[in-house]
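Working notes, structure below.
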Amino acid sequence: MRIAQISPLMESVPPRLYGGTERVVSYLTEELVALGHDVTLFASGDSMTEANFVPCCKSALRLEAEAHDPIPHHMIMLDKLMRVADQFDVLHFHIDHLHFPLIAGLEDRALTTLHGRQDLPANDRFYRYFRQAPLVSISQAQREPISHANFVATVHHGMPLDLHHAEFNPKGNYLAFLGRISPEKDPVQAIRIAQAANMELKIAAKVDRADEQYFRECVKPLLDLPGVDFIGELGEKEKGQFLRNASALVFPICWPEPFGLVMIEAMACGTPVLAFDWGSVPEVIDDGVTGRVVSSIEEAVAVLPQVVTLDRRKVRQQFEKRFSVRRMANDYLRVYKSLGLPFRAEHPCQPVAGQAILVAGDEVGAGLQAAE
């Protein structure tokens, strides 16, 4: 099957540091290649992949020295894609809303995975207007604000089983907070839980420009409390070590979390999760097995001793059972075929890394070539 994966350009695929959507795109792309499909990735020029590759900007926009308006870059990417769209059996979009006017009439092979929150006011009208476009949710909870939309499946995220190894006897005696400093992720609650439980808290998180004031006014004053350690952003290798040596991951969100990749990253490391009951959390955590789902800071503090003594082997086993990248890829292949897509077995099914493809009249090589 010839599949185009269209990624956001804010982060590379995979991201060098923080990045959820682009990380999932990377996992899915590489697994589809491993399964023998002819995959082409449209992404930032510093991405790395075994798939055919179309770089659509020089490098990840978030890490550029100057702030960028992402819209022009995504428009260039969509133009490159649509010029060669008939070369693909599947166009799989991961970029929110920008492509919808372009895919009218392509509903039999254009699929969109929604990665963000869907409770924003404009989304209801948007998906009523584009009601024919097939959508995939990443949790059942994500669908609730736009339940009328044309959802064809829910596919939970998955990860490579060998990406992180589990630690059944963690060396640290700390709670971990991992991800992004923002009001909806609520690191302040994580600090309060750790302080009430008299445990050390390590915070490994990025601060977006939009959240700098929140960090400065609400979080930074608490970083001098005893036992609170702010580490900053971590890469993939450091992330695994950080998670596997933690007693538990604290996930005190206060928003409709679409999925929460960090929860399964912790599970891959054998680390149980203490999370607030919002959005996808009850779908991801097996309460009492891989963590606990709570509704208040008081309940969180009360159950924390139970969380840190959960069987870490069972945590890892549930991760392997429910959240492997192979399961995710096979789920998506079933969705692709359910759209009535022809499976063209006559095409070679082993893409070669570095193969050039024709885009908008120009040869664009794979690997780390830049579009600019």
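Per-structure values
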| quantity | calculated |
| --- | --- |
| Backbone HN-Hα couplings from phi across the stretch 207-219 [Karplus 6.51/-1.76/1.60, Hz, Gly and Pro as x] | 10, 6, 3, 5, 10, 5, 5, 4, 4, 5, 8, 10, 9 |
| Percent RCO, i.e. relative contact order, over the stretch 69-209, from Cα pairs under 8 Å lying at least 6 residues apart | 15 |
| For Met10, residues with placed amide H under 5 Å, excluding near neighbours | Leu61 |
| For Phe230, residues with placed amide H under 5 Å, excluding near neighbours | Ile203 |
| Among Ala210, Gly291, Gln317 - extreme Cα towards positive end, dipole of the stretch 174-322, charges at beta-carbon | Gln317 |
| Karplus-derived HN-Hα couplings along the stretch 53-58 (A = 6.51, B = -1.76, C = 1.60, θ = phi - 60°), whole Hz, x at Gly and Pro | 9, 10, x, 10, 7, 4 |
| Burial ordering of Leu28, Leu261, fewest other beta-carbon atoms within 10 Å first | Leu261, Leu28 |
| Net lengthening on full extension, Glu236/Leu102 (0.36 nm per residue, minus Cα-Cα) | 44.7 nm |
| Calculated log₁₀ intensity ratio I(q)/I(0) where the Debye formula runs over C-alpha points of the stretch 174-322, q = 0.10, 0.11, 0.13, 0.16 Å⁻¹ | -0.29, -0.36, -0.51, -0.79 |
| Long-range amide H partners of Ala110 with built H, under 5 Å | Leu91 |
| Lysines with Cα under 27 Å of Lys237, excluding same-chain neighbours fewer than 8 positions away | Lys58, Lys171, Lys185, Lys202, Lys206, Lys220, Lys314, Lys321 |
| Contact order normalised by residue count of the stretch 174-322, Cα under 8 Å, 6+ apart, percent | 23 |
| Neighbourhood net charge (12 Å Cβ-Cβ; Lys/Arg +1, Asp/Glu -1) for Ala141 | -3 |
| Where labels lie 7 Å past Cα in the beta-carbon direction, separation of Arg128 and Arg83 in nm | 3.8 |
| Quarter of Cα convex hull surface for the chain, i.e. mean projection, nm² | 17.8 |
| Simple Cβ-charge dipole of the stretch 174-322, Lys/Arg +1 and Asp/Glu -1, about Cα centre, in debye nearest 20 | 500 |
| Ordering of 16-26, 80-90 by packing [mean C-beta count within 10 Å, highest first] | 16-26, 80-90 |
| Förster radius 45 Å - calculated FRET efficiency between Asp277 and Ala34 (Cβ-Cβ, nearest 0.05) | 0.80 |
| Rough spin-label spacing in nm, given labels placed 7 Å along Cα→Cβ, for Arg334 and Glu217 | 4.7 |
| Contact order normalised by residue count of the chain, Cα under 8 Å, 6+ apart, percent | 22 |
| Fraction in percent of alpha-carbon pairs per bin - 5 Å, the stretch 242-346 | 2, 13, 21, 20, 16, 9, 6, 6, 4, 2, 1, 0, 0 |
| Cα-centred dipole magnitude for the chain, charges only on beta-carbon of K, R (+1) and D, E (-1), debye, nearest 20 | 680 |
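Read the figures in this text as sums done on the coordinates, not as results from a lab. Given the structure is predicted, the values throughout are model-derived calculations rather than measurements. We place every Cβ from the backbone using ideal geometry, glycine too, and count neighbours over all the protein chains shown.
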